[in-house]
Amino acid sequence: MVSETDFIANHYCTEIENGNFQWSAPSNIALVKYWGKKNNQIPANPSISFTLDHCKTITKLAFTKKEATENFSFELLFEGQPKEDFKPKIQKFLERIEVYCPYLKSFHLTIDTENTFPHSSGIASSASGMAALSMNIMSLEKVLNPEMTDDFFFQKASFLARLGSGSACRSVKGSVVVWGNHAEIDGSSDLFGVAFPDKIHENFNNYQDTILLVDKGEKQVSSTVGHDLMHNHPFAEQRFAQAHQNLSEIKNVLENGNLEEFIKIVESEALTLHAMMMTSLPYFILMKPNTLEIINTIWKFRNETKIPVCFTLDAGANVHVLYPENVRERVLQFIAAELVGYCQNGHYICDAIGTEAIKIL
Ligand code: PMV
């Protein structure tokens, strides 16, 4: 079994003067949710997600050799402009990964990042952002240690991304990713995400995700605080056991293509995530009235048309509407006619299941 110490770089050469890379990494939407963690971003339960195709972060990393110093030396640009407010998060990330990437202080780093989705859309960029940065750091490590295998490259990229933001480790490989030890998923690990190992039914080919932007504001409660509230939560143990069970079930569904079962698991997971928030102490509610309007309207539409469309939620008010590609036209008409009115400024994003992170440069 792979352990944390396997990711400590100890064979590398820092005699390289400079270079640059660019990677794009996808956002992801969990079907079975991660909510609750142990020390060092170890998840309290396993989760599974679809990576997305359009919602991505694209990050460039330029490095120049310098004398190794006490502190990290880096600049951070967002869409080409210096962005001081993002720096503390990156500083913290570099500190966390330093033990695994001891070469980082031998270089000055320029990180230039942008998202394909609007900045204040309520879509978290931490998953795709931390994944894109981790891919670049691994490109640097590969230059310093060219012997590295591709498997190790992706595994360690996911491992590093996890240390930045838990769910980011599911934004390295595609299209369906499992993170967290699970008895029935070969190779699954608490340390990094792995591509779902079995054949996925064609019903899920190009599965659609239309993201309805209900509330684009900052969340009142960060996911870090939310995860923490699962310590001493009255339903925590039950919830963690349920996630294992739901992952076993969704594994079968992804193989056999049963959309009715898929809908049951996915919607129950979304509501359970929010139920955990509503039953923690302190309790909080991230759904908005329009989130509930959308859910009820989807249920009515599904009942009347038998079209297999369902919803899932992140830690926020926005709604992800999930459906197969063969009903796309009909569902988009429904969204335009009946759901757009519940979106802030009528905004929504049409996305679909995507691929792993991609090297651009
Ligand atoms: O990666 P974090 O710490 O932002 O947590 C994400 C948690 C959820 O999005 C609510 C669920 C998930 O599995 O992505």
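Picking from residues in region 257-297 that are of a type in the set (D, E, K, R) and open to solvent by 20 Å² or more (accessible area, probe 1.4 Å), the one that is farthest from residue 239 (Cα to Cα) is 293. Scanning region 7-49 for residues that are away from the ligand (no atom under 16 Å from the Cβ) and under 20 Å from residue 170 (Cβ atoms) returns 7, 23, 24. All of 292, 273, 332 fail the test of being assigned to a helix (DSSP H, G or I), among the hydrophobic types (A, V, I, L, M, F, W, C) and in contact with a Phe, Trp or Tyr (Cβ under 6 Å, 6 or more places away or on another chain), apart from 273.
Being among the polar types (S, T, N, Q) and either free of Cβ contacts under 8 Å to residues at least 40 places away in the same chain or surrounded by 24 or more Cβ atoms within 10 Å (Cβ to Cβ) (or both) is a condition met by at least one residue of region 130-143.
If only residues of region 226-240 that are among the charged types (D, E, K, R) and more than 12 Å from the ligand (Cβ to nearest atom) are counted, the one that is most open to solvent (accessible area, probe 1.4 Å) is 237. Residue count for region 207-225 satisfying the condition of being open to solvent by less than 50 Å² (accessible area, probe 1.4 Å) and at pLDDT below 90: 3. Could you please find all residues in region 193-225 being among the polar types (S, T, N, Q) and within 15 Å of the ligand (Cβ to nearest atom)? Those that are among the polar types (S, T, N, Q) and within 15 Å of the ligand (Cβ to nearest atom): 220, 222, 223, 224. Residues that are open to solvent by 50 Å² or more (accessible area, probe 1.4 Å), touching a strand residue (DSSP E or B) at 6+ places or on another chain (Cβ under 6 Å) and at pLDDT below 95 do occur in region 86-109, at least one of them.
If you check residue 151 against the conditions, is it open to solvent by 50 Å² or more (accessible area, probe 1.4 Å) and touching a Pro at 6+ places or on another chain (Cβ under 6 Å)? It is false that residue 151 is open to solvent by 50 Å² or more (accessible area, probe 1.4 Å) and touching a Pro at 6+ places or on another chain (Cβ under 6 Å).
Only one entry of 3, 47 meets the criterion of being on the phi < 0 side of the Ramachandran plot and either surrounded by fewer than 19 Cβ atoms within 10 Å (Cβ to Cβ) or at pLDDT below 95 (or both), and that entry is 3.
The values are calculated or read from the model by the stated rules, or taken from the named source; none is laboratory data. Computed from a prediction, not measured in an experiment: that's the story for all the values here. All Cβ positions, even for glycine, are placed from backbone atoms using ideal geometry, and neighbour counts span all protein chains on display. Ligands, DNA and RNA are stripped out before the accessible areas are found, and what is left, the full protein with its side chains, is counted by its heavy atoms. Shrake-Rupley method; radii C 1.70, N 1.55, O 1.52, S 1.80 Å.
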